[in-house]
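See below for the structure under consideration.
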Amino acid sequence: MKKLSARRRHPLAAVVVLLLALAATGGLYAAFAPASKAQADTTAQSLAIDEGKKLFSVGCASCHGTGGQGSSDGPSLVGVGAAAVDFQVGTGRMPAQQPGAQIARKKVIYSQAEIDQLAAYIASLGAGPTIPTKSQVSPEGADIAKGGELFRTNCAQCHNFTGKGGALTHGKFAPSLEGVDPKHIYEAMQTGPQNMPSFPDTTLSEKNKKDIIAYLNAVNGDDTESPGGLELGGLGPVSEGLFGWIFGLGALVAVAVWVAARTAKAKKS
Amino acid sequence: MSSQDIPEENLPAEQVDEHGHGAVALADETNPFADPGLPPHEHRIQDIDERAAKRSERVVAMLFTLSMLATVGFIASYVAIPRDKSIFVFPLGHISALNFALGMTLGVALFAIGAGAVHWARTLMSDVEIADQRHPIEAEPEVKAKVLADFKEGAKESALGRRKLIRNTMFGALALFPLSGVMLLRDLGPLPGTKLRHTLWSKGKLLVNMNTNEPLRASDVAVGSLTFAKPEGLEEHDEDFQLQIAKAALMIVRLQPENIKDKRELAWSHEGIVAYSKICTHVGCPISLYEQQTHHVLCPCHQSTFDLSDGARVIFGPAGHALPQLRIGVNEQGYLEALGDFEEPVGPAFWERG
């Protein structure tokens, strides 16, 4: 101790003390800092945004502008939210093949990971609806009857009573909801893609959306029962009437003609 | 019955006439369109061959037996198959087993009766054509004379000409009776009065969201969204709910105020939120096929199209009027409220609409 105290006036003493103090502060910080995981998340998030920006510049910027601000060929994407990206790209509607009355569903080009990166980038441009979680879109525990009521009030005018779709003006149409991922149905209600109006949570609550998804799952899912059978596309009286007139009456006429035309005589003339 | 039984004049004209062989048979002057008569009867195999006839008999009996079995099957499936059982049948998909079984057995039972009857008639019942001559329509002179004489006798016996009181009161009774039918026509009324011109909307009534049954706030309604509203106080279990909602149903959309072309529409809106009648002005279909980018609303019944950014003007289809707009504002708590009733009658035009 004597030796140490004797050297306290040494020219390097201040440097040594400073180093010790710095090391202690650093060590304490490393030991107590709470943010190691959060830090990793933010890094991953900003990495996703960076990757998304790259994908955006290649696949989307020609129409939606280099910063997603929109152009004469495509709308601004500021504030549309991750849900809109997940819907448009996840159903193959975007990137669009060509402009037209309506951009239709087609083969999905991006992987889900890439879609998530794009969504992260677009979400960073301005706040908007987020991608729903699994439990938000699962039909479990939802009220199917209420969902049917809500569907008939809000959706059936365009998508038909069991979601088989229908025609709109000038080549536009409401697509069939058969085989559509519940997540995409939820996102469509929330964001209102193309000419579909949106049904935000303020007017159609999260629970209501879940009910609607459960209803569609019950009437238009893979295991949906059709007690009558042969539902002819589920389009209602037009296809049913056409079938009745052509095939029902047609069969009767054909049988009558067959009965009268075939002679029962032994000597065929 | 064979051709010998057919009267002489109905037999086919002889092909060979007196004037020469091979000449086309010319009908005589007095009867230019001689009746060629029936073709000679030809036998069926069942008429000649008893074994074939037995075969036909067995086929018919088999069809009738099949029908009986199907009926038994119908009863058995009605009893045995539970109502909620579902099966997969190839072209029909997942269907109710009970419906399928009942339909199939009923169809087979009826079809087999019909097919058996047709086969029986075609192969076993007599197929000889029989001509039945028409008789003149006019009655014999003696019959006519008797009927007229009977009528005159009856008229004399009834003394209708002599007892004028009976005759006149009878005419009166017969003439008045149809009036009771005419009276019932009153039930077609009464006239609707002003009912067609008014709805439940009035100043200060809140706009209630049809989904949540809660009043709508202005801040709830996003640009591009579509919401349906009913007047405050009208509940679905009300006795006259259908009657009232048929006139009062509203669709609420929010446009960017700068996109609204019609001045009155802008003035009657609240920060771009506009409320229009949901009832088509053509024949009154509920109309809500809203395209949020074009702001067009399409009626699914006859394709009338309205432009919600231009006073709901008709831009296509048979509708005769723009959709009526409801004037709205917000109250102190931020809830949307009506500022009065519709200015014009909603729905289809009527005679006195003007």
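Nothing in this text is a laboratory measurement; each read-out follows from the coordinates by a stated rule. Predicted model, so just to flag it, every value in this text is computed and none were measured. For neighbour counting, all protein chains shown are included, and Cβ atoms are generated from backbone atoms with ideal geometry for every residue, glycine included.
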If every Lys and Arg gets +1 and every Asp and Glu gets -1 at its Cβ, then about the Cα centre the stretch A:105-187 yields a dipole, in debye to the nearest 20, of 320
By Cβ neighbour count within 10 Å, fewest first, B:Trp268, A:Trp258, B:Trp351 rank B:Trp351, A:Trp258, B:Trp268
In debye to the nearest 20, the charge dipole size for the stretch A:37-111, taken about the Cα centre with +1 at each Lys and Arg Cβ and -1 at each Asp and Glu Cβ, equals 240
The residues B:Met183, B:Met104, B:Met251, sorted from fewest to most surrounding Cβ atoms within 10 Å, come out as B:Met183, B:Met104, B:Met251
Toy charge model, Lys and Arg Cβ at +1, Asp and Glu Cβ at -1: chain A dipole around Cα centroid in debye, rounded to 20, equals 900
re chain A: pairs of Cα atoms spaced beyond 22 Å account for a percent value of 70
Footprinting proxy, A:Val89, A:Val255: sorted fewest to most Cβ within 10 Å, the residues are A:Val255, A:Val89
In deg cm²/dmol, rounded to the nearest 500, the helical mean residue ellipticity at 222 nm of chain B, built from -39500 (n - 2.57) for every DSSP H run of length 4 or more, is -10500 deg cm²/dmol
For B:Lys156, counting only lysines whose alpha-carbon sits under 16 Å away and dropping same-chain residues fewer than eight positions off, the answer is B:Lys146, B:Lys164
Looks like the stretch A:34-185, by Cα gyration tensor root eigenvalues a ≥ b ≥ c and the a/c under 1.5 rounded cutoff (else prolate when a/b is bigger than b/c, oblate otherwise), is oblate
Under the rule rounded for a/c under 1.5, else prolate if a/b exceeds b/c, else oblate, using alpha carbon gyration tensor axes a ≥ b ≥ c, the stretch A:43-125 is classed as oblate
CD proxy, 222 nm, chain A: helix-only mean residue ellipticity via -39,500 (n - 2.57) per DSSP H run with n ≥ 4, per residue, nearest 500, stands at -16000 deg cm²/dmol
